[in-house]
Amino acid sequence: MIAVAQIVQAVDLTALLALSIKEAEDLDASNPLRHFFASGGSSGRRTPKQADHALLPSQPPSISRQTTQLAFGREALNGRLPIPISLAVDASPGCGGIAWPAGQVLAKYLVDLGPESVQGRRVLELGSGTGLVGLVAAALGAQQVCITDQLPLLDIMRENVLLNDLAANMTVMELNWGEEIPQDLFPLDVILAADCVYYEPAFPLLVQTLSDLVTDAKTEVLFCYKKRRKADKRFFALLKKKFDWAEVTDSLDHEVYSREQISLLRLRKRY
Ligand SMILES: C[S@@+](CC[C@H](N)C(=O)[O-])C[C@H]1O[C@@H](n2cnc3c(N)ncnc32)[C@H](O)[C@@H]1O
């Protein structure tokens, strides 16, 4: 049975973070092994091959086919009209099918910076999940935005591109970290990644892909991260071999998201 809900809300980051963390916590509490299940039975998004490699048999997904209407930015705050985003979420294709806290922070940061942050620039997002951050970059007027993730997420990403009428300047692509980057993706001006540090075996692959994507000292990398485990330190030890970074300091929400253990970093590749 598919449940469809329409929720209209202005994006208040404090409320959004609380909602999203609570949602994630509720999901984890009700189903702590949810990331290991061969889900997708109802959506059919997992291929038989992937389901074969899952540790546990199919289980009912926790969040199934909801669409949320978000409005990023407030005219009263920065004099700009809010950016409306319709976001389909669905936990059945994997953890990326819902909007994660660091993604919400990064999307809001781009909106606060304004169109100048991406206008006329070529953007790529890693581990896009629902595609939220990339959708916001495209809505702000990026020349081209490529949102990428693993195969099971591509359908919901495509759906979100169409829902927001952004197909003219967005593409959806499978990009598994650690794999070779197709040359036609270059040149890139901005790389975005949010909430991609959570699974230790993927740490070296993510660092490799970040490094492969930055081929020019001018490429900007915005990396938003929520600290969850001690093991995250290993990610930063690996990252240090290829990148330096600095905390973004001009964010209006720095204090709010810092309380949630979220950091927004600008990475610079070491040459
Ligand atoms: C926690 S979710 C964050 C999703 C989204 N960025 C957000 O902030 O809402 C992590 C994302 O990384 C993707 N991911 C994990 N391992 C990956 C890999 N090896 N290659 C590509 N994407 C991967 C997942 O599919 C998922 O969409």
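Using a simple charge model, +1 on the beta-carbon of Lys and Arg, -1 on the beta-carbon of Asp and Glu, nothing else, what dipole does the range 66-269 show about its Cα centre, in debye to the nearest 20?
In debye, rounded to 20, the range 66-269 gives about 760.
Please report the spacing between the Cα centers of the range 102-142 and the range 189-216 in Å, no decimals.
16
Given 218/269; 218/242; 108/230; 218/241, which pairs have Cα atoms separated by over 21 Å?
Checking Cα-Cα distances, 108/230 exceed 21 Å.
Which of 255, 220, 174 comes first, and how do the rest follow, when ranked by fewest Cβ neighbours within 10 Å?
Going from least to most buried by this count: 255, 174, 220.
Between residue 171 and residues 5 or more places away or on another chain, which pairs have amide H atoms under 5 Å apart, with H built 1.01 Å from N, and which residues are they?
Here 145, 146, 147 satisfy the definition.
Give me, ordered by chain and number, the residues 5 or more places off residue 245 or on other chains with an amide H under 5 Å from its own placed amide H.
268
What is the spin-label model distance, in nm, from residue 176 to residue 200 if the labels are put 7 Å beyond Cα along the C-beta direction?
Output for this residue pair reads 2.2 nm.
Would you mind computing, in nm to one decimal, how far apart the modelled labels at residue 183 and residue 270 are, each placed 7 Å from Cα along Cα→Cβ?
About 2.9 nm, to one decimal.
Please name whichever of 213, 87, 237 sits farthest to the positive end of the charge dipole of the range 66-269, dipole taken about the Cα centre and charges placed at Cβ: Lys and Arg +1, Asp and Glu -1.
Final value for the positive-end residue is 237.
Set the Förster distance to 30 Å, then compute FRET efficiency between residue 63 and residue 228 from the Cβ-Cβ distance, nearest 0.05.
Once rounded, the FRET efficiency stands at 0.95.
If amide hydrogens are placed 1.01 Å from N in the peptide plane, which non-local residues have theirs closer than 5 Å to the one on residue 178?
Those qualifying (amide H under 5 Å, at least 5 residues apart or on another chain) are 209.
Give a residue-ordered list of calculated ³J(HN,Hα) values for the range 66-73 (Karplus: 6.51 cos²θ - 1.76 cosθ + 1.60, θ = phi - 60°; whole Hz; x for Gly, Pro).
So the J values, rounded to whole Hz, are 10, 10, 10, 9, 10, 10, 8, x.
What size of dipole, in debye to the nearest 20, comes out for the range 124-191 about its Cα centre when the only charges are +1 on Lys and Arg C-beta atoms and -1 on Asp and Glu C-beta atoms? The partial results should precede the final answer.
Numbers: 1 positive and 10 negative charges, 38 e Å.
It comes to approximately 180 debye.
Rg/Rh for the range 129-205 to two decimals, with Rh computed the Kirkwood way over all alpha-carbon pairs.
Numbers: Rg = 12.6 Å, Rh = 13.2 Å.
Taking Rh as the inverse mean 1/r over Cα pairs, Rg/Rh reads 0.95.
Calculate one ³J(HN,Hα) per residue across the range 228-241 by plugging θ = phi - 60° into the Karplus curve 6.51 cos²θ - 1.76 cosθ + 1.60, and present them in order as whole Hz with x for glycine and proline.
10, 10, 4, 4, 4, 4, 5, 4, 5, 5, 6, 4, 4, 5
Read the figures in this text as sums done on the coordinates, not as results from a lab. The structure displayed is predicted, hence computed values, not measured ones. With ideal geometry, Cβ positions are generated from the backbone for all residues, glycine too; neighbour counts draw on all protein chains shown.
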